[in-house]
């Protein structure tokens, strides 16, 4: 054989190996995601159930707990709270477009972005960026009387980030536990009762409390800004994000206004201080274990910090959408 | 010792013993001084001087640049540290970064497990005063 056929044969062999390797990698990223987790995501918008779930979470050294009575049909949900709960009487009805939260004590309905997508956001990111995560599946315990598969999601350093207890037949997420950077439980929910064949009335997701005052996130922001004696600044709608909630707080006796924004792919938090504040982006990134970053800027006496799970350059670009006012008029 | 007057020296110098000593000294061979040792010494000095020059050149080529480099580095370090002073994160600064991280993380966590958000939880118990993010009151946790 002359050298030329050798060369051609080598090229062909190399291309075959490369193609096989690429398919192998693609196959691995799909195979790495547990079947139960894939089923959960596939069926997320088609679930039908009613049940009671116990929610626990931690803010710093304080923890909270409450029960939610949930009725779910596809993308629609209705949540109430049992008698005796501090939240008793409140009703949350979520549809594909919005989440409406009724506060009977104030006779107010707060119109909020849907929460369903936020709840699924992280789970979808596990699948989309499967190479960044390690999955382990074991037989789970009975949750609300149903058999489960427990899926643990860890980062590449083997820190468990979440544990999911999934009904392998329906793909229903019956228990979810989130962990902080040192492995302590940060938040969780667990169904204590579940009915997979409930009678759901047509009017279950109808929501029209007569006489109740409608409060949008923008109105709530204006309220909070007035209370804090802050000028109102917010992200405009062209940013692609919707204001979800706002509140003001004190940090070392320095008041600050906090706004949370959401869209289909993530969350943003905007901090507004009424004076010069030093915020080291590197420290923020390290404290967040690289999960999110921050961008700080000033405008007059105001210091702003925007935090999100995207590149710093994206945060810088989004910061240009922070304008005076509630941002609602820019659409 | 007895001191003699100069007028008494001449007779003494002409004495037999003195004449004998003078003859003996005159009879001594007149040696020519040899410069060979001096030449050898010069050669030794040249060799030693060459070694010293070589060593000096070695020092000039290695130690001096190293010394210069070290000095330059020291100056550079001094300049850099004077321009950007070592960052001492004060308690307040750390708390701001801690606040930023905790607030974003907690809102994200809560959104994954509940339909209720934090501001809604707070608004169930409205307070006339701003509440601390870091130090939640008992009222806050009770409302959960």
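The values are calculated or read from the model by the stated rules, or taken from the named source; none is laboratory data. Quantities reported herein were computed from a predicted structural model and do not represent experimental measurements. Using ideal geometry, Cβ is built from the backbone for each residue, glycine included, and neighbour counts are taken over all protein chains shown.
Restricting attention to the range A:275-291, and to residues there that are surrounded by fewer than 17 Cβ atoms within 10 Å (Cβ to Cβ) and more than 7 Å from chain B (Cβ to nearest Cβ), which single residue is modelled with the lowest pLDDT?
First, pick out the residues of the range A:275-291 that are surrounded by fewer than 17 Cβ atoms within 10 Å (Cβ to Cβ): A:275-276, A:278, A:282, A:286, A:289-291.
Next, only the ones that are more than 7 Å from chain B (Cβ to nearest Cβ) stay: A:275-276, A:282, A:286, A:289-291.
Working: A:275: 89, A:276: 89, A:282: 88, A:286: 85, A:289: 79, A:290: 75, A:291: 82.
Restricting to residues being surrounded by fewer than 17 Cβ atoms within 10 Å (Cβ to Cβ) and more than 7 Å from chain B (Cβ to nearest Cβ), the top hit is A:290.
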Test: residue in the range B:75-96 that is within 11 Å of chain A (Cβ to nearest Cβ), closer than 21 Å to residue A:181 by Cα and modelled with pLDDT of 85 or more: yes
Identity of the residue in the range A:159-194, touching a residue at least 60 places away in the same chain (Cβ under 8 Å) and more than 26 Å from residue A:64 (Cα to Cα), that ends up nearest to the other protein chains (Cβ to nearest Cβ): A:171
Unmet criterion (only one of (1) at pLDDT 50 or above; (2) out of contact with any helix residue (DSSP H, G or I) (no Cβ under 9 Å at 6 or more places or on another chain); (3) within 14 Å of chain A (Cβ to nearest Cβ)) for residue B:119: (2)
Test: residue in the range A:236-245 that is touching a strand residue (DSSP E or B) at 6+ places or on another chain (Cβ under 9 Å), facing another protein chain (nearest Cβ under 9 Å), surrounded by 18 or more Cβ atoms within 10 Å (Cβ to Cβ) and on the phi < 0 side of the Ramachandran plot: yes
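Could you check, for the range A:13-24, whether at least one of its residues is at pLDDT 90 or above and within 30 Å of residue A:133 (Cα to Cα)?
Of all residues in the range A:13-24, those at pLDDT 90 or above come to none.
No: the range A:13-24 contains no residue that is at pLDDT 90 or above and within 30 Å of residue A:133 (Cα to Cα).
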Scan of the range A:170-188 for residues that are in a loop (DSSP other than H, G, I, E, B), in contact with a strand residue (DSSP E or B) (Cβ under 8 Å, 6 or more places away or on another chain) and at pLDDT 90 or above, ordered by number: A:172
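Where in the range A:73-147 are the strands (runs of 3 or more DSSP E), entirely inside, with at least 1 residues that are at the interface with chain B (Cβ under 8 Å from one of its Cβ atoms)? Write out each step before concluding.
Details: elements: A:76-80, A:91-94, A:99-103, A:108-112, A:133-143.
Strands (runs of 3 or more DSSP E) meeting the threshold: A:76-80, A:91-94, A:99-103, A:108-112.
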Total residues in the range A:254-274, condition surrounded by fewer than 20 Cβ atoms within 10 Å (Cβ to Cβ), under 19 Å from residue A:222 (Cβ atoms) and more than 9 Å from chain B (Cβ to nearest Cβ): 1
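Being within 11 Å of another protein chain (Cβ to nearest Cβ), crowded, with 18+ Cβ neighbours inside 10 Å, touching a strand residue (DSSP E or B) at 6+ places or on another chain (Cβ under 9 Å) and not in a strand (DSSP E or B) is the requirement here; does residue A:230 meet it?
Numbers: within 11 Å of another protein chain (Cβ to nearest Cβ): yes; crowded, with 18+ Cβ neighbours inside 10 Å: yes; touching a strand residue (DSSP E or B) at 6+ places or on another chain (Cβ under 9 Å): yes; not in a strand (DSSP E or B): yes.
Yes: the conditions hold for residue A:230.
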Failed item in (1) touching a strand residue (DSSP E or B) at 6+ places or on another chain (Cβ under 9 Å); (2) modelled with pLDDT of 90 or more; (3) more than 12 Å from chain B (Cβ to nearest Cβ); (4) within 24 Å of residue A:227 (Cα to Cα), with residue A:300 passing the rest: (1)
Members of the range A:189-210 found to be assigned to a loop (DSSP other than H, G, I, E, B) and surrounded by 14 or more Cβ atoms within 10 Å (Cβ to Cβ), listed by number: A:196, A:198, A:200, A:207, A:209
